[in-house]
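Colleague: What follows is a single structure, and I will ask about it in a moment.
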Amino acid sequence: MDYQHFMGNRTPFVTTDPVGSFRLLDYYLYSTRDQYVSANAHYHFRKFLVTQIPLVRLTGIQENIFINYLYAPTSQNYTEVGYSLDGLLRIFRLEVATAFQNGTYLSYGFRIGISTAITID
């Protein structure tokens, strides 16, 4: 309860908000009681790579890039960079992400999600 935990994901499925969550981060690996910096950037493109094709764009598919950053005493500049196709079959999202720590490659992964965030109250 005294620790700050970061929204990580080690499963191939994403059910959280795509803007505020990490794709490849272990659940409690970098939890901290100390000061930290966490930043998430998510950008939707109208036309980027696949959506340059008019027929693809008419299906409602959107392309996104995202960058997630975490600095905590134990994380040492953890960064994720990724690309996603949103709106596949109108409801699915396919993502690929790469993780770096201090600029050194750690891992990569693919994630499947739903285009809207699922929240349970």
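Every number in this text was worked out from the coordinates using simple rules, so none of it is lab data. Only a predicted model underlies this, so the values are computations on that prediction, with no experimental measurement involved. All Cβ positions, even for glycine, are placed from backbone atoms using ideal geometry, and neighbour counts span all protein chains on display.
Colleague: Could you work out the relative contact order of the stretch 13-114, using alpha carbon pairs under 8 angstrom and six or more residues apart, expressed as a whole percent? Present the calculation step by step, with values, prior to reporting the outcome.
Modeller: Working: 205 pairs, mean separation 26.2, N = 102.
About 26 percent, as a whole number.
Colleague: Under a Cβ-only charge scheme (Lys and Arg +1, Asp and Glu -1), can you give me the dipole magnitude of the chain about the Cα centre, in debye to the nearest 20? Provide the component values of the computation, followed by the final result.
Modeller: Values: 9 positive and 9 negative charges, 95 e Å.
For this selection, approximately 460 debye.
Colleague: Taking the mean number of other Cβ atoms within 10 Å as a proxy for protection, how do you rank 97-104, 54-61 from highest to lowest? Please list the in-between numbers first.
Modeller: Details: 97-104: 14.2, 54-61: 11.9.
With the highest mean Cβ count within 10 Å placed first, the list reads 97-104, 54-61.
Colleague: Still on this structure: Which is farthest toward the positive dipole end of the chain among Thr51, Tyr30, Tyr83, measuring Cα position about the Cα centre, with Cβ charges +1 (Lys, Arg) and -1 (Asp, Glu)?
Modeller: Ranked along the dipole, the leading option is Thr51.
Colleague: May I ask you to sort Asp34, Asp17, Asp86 by Cβ crowding, counting other Cβ atoms within 10 Å and putting the fewest first? Kindly include the intermediate steps, with their values, before the conclusion.
Modeller: Numbers: Asp34 9, Asp17 14, Asp86 20.
Ascending Cβ contact count within 10 Å gives the list Asp34, Asp17, Asp86.
Colleague: Here's another thing I want to ask about it. With no solvent and one equal point scatterer placed on each C-alpha of the stretch 13-114, evaluate the Debye formula and give log10 I(q)/I(0) for q = 0.10, 0.18, 0.20, 0.23 Å⁻¹, two decimals.
Modeller: After summing over all Cα pairs, the log10 values are -0.31, -0.85, -0.99, -1.20.
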